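K.L.:
Structure provided below as structure tokens; questions to follow.
The values are calculated or read from the model by the stated rules, or taken from the named source; none is laboratory data. Computed from a predicted structure; not experimentally measured. Here the Cβ is made from the backbone with ideal geometry for all residues, glycine too, and neighbour counts use every protein chain on show.
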């Protein structure tokens, strides 16, 4: 599992800590995209979701091939009630779970579904050689993107250090 704290625009190209966090996703097999059902800043949850995914896919197109589930959080807030339906309309091919950490609603169902998915994935990997090869290929493509971003970030750090040294 990987927890990716709030990404900012440009994270895929090194803004903030985004690319350092994004590399940890390279070994995940299921992405749970948590989105606030009622953002305090009044922003649109669907737009927020799309913005984060654009950073994820800019980092590696390979993530488009990983299963992504939508998890709408803060369902204890009345303003969040319509969000699961809106997310399902925007992303109809993805499972959507609604949870509340405060009340516990939906959490057990989500954990059970994740465990089922992980177990089925492991069984399929062990029994289906074609699936295992496709997964290995996907791992390699995502891994290559991680390396490419790592080299780019290292080059940018060297350039920034050089600019600071010249300024002194």
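K.L.:
Of the residues 4, 8, which is modelled with pLDDT under 70, surrounded by 14 or more Cβ atoms within 10 Å (Cβ to Cβ) and in a loop (DSSP other than H, G, I, E, B)? Give the derivation first.
P.N.:
Numbers: 8 fails: surrounded by 14 or more Cβ atoms within 10 Å (Cβ to Cβ).
That would be 4, the only listed residue that is modelled with pLDDT under 70, surrounded by 14 or more Cβ atoms within 10 Å (Cβ to Cβ) and in a loop (DSSP other than H, G, I, E, B).
K.L.:
Restricting segment 92-111 to residues that are surrounded by 10 or more Cβ atoms within 10 Å (Cβ to Cβ), without any contact (Cβ under 8 Å) to a residue 12 or more places away in the chain and under 20 Å from the mean Cα position of the chain (by Cα), which is nearest to residue 68 (Cα to Cα)?
P.N.:
From segment 92-111, those surrounded by 10 or more Cβ atoms within 10 Å (Cβ to Cβ) are 94-111; that's our starting set.
Still in the running and without any contact (Cβ under 8 Å) to a residue 12 or more places away in the chain: 104, 107-108, 111.
Now drop any that are not under 20 Å from the mean Cα position of the chain (by Cα), which leaves 107, 111.
Values: 107: 17, 111: 15 Å.
Result: 111.
K.L.:
Within segment 29-43, is even one residue in a helix (DSSP H, G or I) and surrounded by fewer than 18 Cβ atoms within 10 Å (Cβ to Cβ)? Outline the logic, then answer.
P.N.:
Going residue by residue through segment 29-43, those that are in a helix (DSSP H, G or I) are none.
No, segment 29-43 has no match at all.
K.L.:
Where in segment 66-168 are there helices (runs of 4 or more DSSP H), lying fully within it, with 3 or more residues that are more than 21 Å from residue 39 (Cα to Cα)? Reasoning before the result, please.
P.N.:
Numbers: elements: 83-90, 107-127, 129-167.
Where helices (runs of 4 or more DSSP H) fall fully within segment 66-168 and carry at least 3 residues being more than 21 Å from residue 39 (Cα to Cα), they are 107-127, 129-167.
K.L.:
Out of the residues in segment 114-134 that are without any contact (Cβ under 8 Å) to a residue 40 or more places away in the chain and surrounded by 13 or more Cβ atoms within 10 Å (Cβ to Cβ), which is nearest to residue 76 (Cα to Cα)? Reasoning before the result, please.
P.N.:
Here is the first cut: in segment 114-134, the ones without any contact (Cβ under 8 Å) to a residue 40 or more places away in the chain are 115-116, 119-120, 122-134.
In the following step, the residues that additionally are surrounded by 13 or more Cβ atoms within 10 Å (Cβ to Cβ) were identified as 125, 131-132.
Numbers: 125: 38, 131: 39, 132: 40 Å.
Out of the qualifying residues, it is 125.
K.L.:
Would you confirm, using the coordinates I've provided, whether residue 65 is under 14 Å from the mean Cα position of the chain (by Cα) and modelled with pLDDT of 90 or more? Break it down into steps so the answer makes sense when it comes.
P.N.:
Numbers: under 14 Å from the mean Cα position of the chain (by Cα): yes; modelled with pLDDT of 90 or more: yes.
Taking the combined requirement at face value, the residue satisfies it.
K.L.:
Further question on the same structure: Restricting attention to segment 123-168, which residues are more than 14 Å from residue 27 (Cα to Cα) and either at pLDDT 95 or above or in contact with a strand residue (DSSP E or B) (Cβ under 7 Å, 6 or more places away or on another chain) (or both)? Full working, then the answer.
P.N.:
Going through segment 123-168, the residues more than 14 Å from residue 27 (Cα to Cα) turn out to be 123-134, 148-168.
Result: 123, 124, 125, 126, 127, 128, 129, 130, 131, 132, 133, 134.
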